[in-house]
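Only one structure is covered here, and it is reproduced in the block below.
The numbers here are math on the coordinates, done by the rules we state, and not lab data. If you're wondering where the values come from, they're calculated on a predicted model, not measured in any experiment. As a convention, Cβ positions derive from the backbone with ideal geometry for all residues, glycine included, and neighbour counts pool all protein chains shown.
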C-alpha cells in the first residue's frame, strides 16, 4: 500500500556572476543549494507495479545571472540530477538526470523498485532511502547538493534468477530459463516449433526481443522498437542462452540423442513436454549406468538462421552428484531400473534449474489432449495485411478430428491449416482440390486455394485429411418458444456477427438452434456462451421465459449471448 504519493521538492538556484571590463571572462559562483521537503513511507508491490508510486517536483533554477547585462545567459544552464542511496553519505548511489527545462519526475512502482535495487534494496524489508538533488553548472564547477530527504521504502523482491518465456503476444507461457548467478545470462532447454516467435521477461519487468533492424538475427533489444525473437525453421529441442549483457542470444538445436552403456537406443523428443524418452525391455531391476550424447547445430549471431551455416557441436549429458549436467561431452549417469520388463527412460529438461533422468515402469508417453482449435493462416491477409494466427476453427467431433467455424475470407495467396499458434512448420496444405474442397497433407505441396472474399463455413477433418468451404448467405434462429420456423437474423457491421430481437413467450422444450442458409443440416448449437458446429441445442432461453431479449451470435469466434432488453 502506498503511503506517500507525492514529494514536493522546492528547488531554488541563484547564480552570481561578475565582469570587470570588456574582454574579461564571465564568471559564476555556481548554483546555490536546494531545499527538499517531504516525509512518509512507501510500500511497493508487484501487483501494482504499473501504479504511480512517487512524484518529484522542483522549481526552475537553470537561468544564469551575469554581471554584464548586455550578455544573455543561456537558459536551463543548471543540470539537475536526482540521486538515490541506501546510506546518508551516498557512498553508493544512482542518479536520474532531468532534461533541460523539465521540473518534474514520476516513477511507477516498477521503475522505483528497479532503481532502488541498484543501491542495495534486495529484500522485501523496510529500509531507509535517501534522496538529494545534485545541481551543477558545468564540468569545471563543483556541484552543490540539497539537504537529504529520508524515506522508509519497502520494495518487492526482484528475482533475477528466472527469465520468463512469453509468446508472440507477450503473454505468459509458463516456461522459464534460469540465471543461477542472477547475472543477466539465462539458459535452458526449449521445445520450439519452426520459426517460433517469443520474448523473454526478466524479474524486474524488462522484456527482451530481437533488435528491430533487418539482418540482426540473434541480436537483442529491450526498447520499444524491438521485434520478437524467432527460432530457425527446424522444429525440435533447443538449448538456449539469452545474454542480456552482450545483447545476444543463441539456439543450439539437438536433433537426436543416443543412449549407450547398460541401456542402448535412440531417444524421442516430446516438444510440448520438453522431454526425451526411450522405452525398452529391462532384463533385470537394479542400477544401470548410461551415457547420453548427440551432435547439435549451433545458431547464433554469426550463423543467423541459415541451416547450412549452423555449426556442428557435440553435446552430452552427465551427472554431478544428484544433478544432471549438460555440456559438449557425455559422462556417466546412474539410473535405477525399478523392475524387469517394459520400462521408459526419461530425460526431463522442463525445469531449467533441475534436469532429471530416471527410469519408470510402463511404456510410452501419456496421450496428449486433442487440441481445441486449428488456425487458418493466410485466410485474411487481404484485410489484415499479414499472415496471422488470429482466425480459428473449433473442434466439434473428437473421433473424426473435425473442426469448423465461419471465417471472413479475403486471401491473396491461399491459406494453410496450422495445428499450433506461432508454429509455421506444423501446417497442413493441399494435395488435391480447389477452393470448394479437397485433400490435405502435413507439409503438403500447395497452399489451399481461397474462395472469393466473403463469409464461409470452413470444415476440416484431420482424421480423413479433407477440407470444404460453404458460402454463408444468411443466418436464422429456430426453436424459441417451440416455434421451429426459420427467423432471419440481421448482419451487423462486424463480419460474422448477427443479431435478432426476440420475444421468449415460453421456454422451449428442446432448446434452440442457429441455422445457416436456411439449411437444417448446417446448424450451430452450444452452451455457456460457446457455439459448436452441429452441437446440442442451446437451452439458455429457459431462464428468459416471458422476456424480450437480444440474441447475438459471432460465427467467426463461435460465441453467443442472450440478454434482456
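So the label point goes 7 Å from the Cα of residue 461 along Cα→C-beta, right? Which residues of the stretch 428-445 then have their backbone N under 13 Å from it? Flagged as within label range: 438-440.
In percent, what relative contact order does the stretch 159-366 have, based on Cα pairs under 8 Å that are 6 or more apart in sequence?
Working: 555 pairs, mean separation 35.0, N = 208.
Here the relative contact order equals 17 percent.
Judged by the ratio a/c of the largest to the smallest principal axis of the C-alpha gyration tensor, the chain counts as oblate, that ratio being 1.5 or greater while a/b is no larger than b/c.
Label reach from residue 432 (point 7 Å along Cα→C-beta): in the stretch 464-508, amide nitrogens under 17 Å belong to 464-468. Averaging the Cα positions of each part gives two centres, and for the stretch 90-158 and the stretch 502-537 these lie 62 Å apart.
Rounded to the nearest 0.05, the FRET efficiency derived from the C-beta distance between residue 51 and residue 384 at R0 = 25 Å is 0.15. Placing a pseudo-label 7 Å from each Cα along the Cα-to-Cβ vector at residue 340 and residue 87 gives an inter-label distance of 7.0 nm.
Looking at the chain, the DSSP beta bridges with both ends there are about 95 percent antiparallel.
Answer rounded, prolate or oblate for the stretch 475-564, using the Cα gyration tensor with square roots of eigenvalues a ≥ b ≥ c: rounded when a/c is under 1.5, else prolate when a/b is larger than b/c, else oblate. Because its axes are fairly even, with a/c under 1.5, the stretch 475-564 counts as rounded.
Just need the relative contact order of the chain here, percent rounded to a whole number, with Cα pairs under 8 Å and 6+ apart. Before the final figure, lay out the partial values.
Numbers: 1483 pairs, mean separation 39.1, N = 565.
Once divided by the residue count of the chain, the mean separation gives 7 percent.
Within the stretch 373-471, the percentage of alpha carbon pairs spaced more than 22 angstrom apart rounds to 15%.
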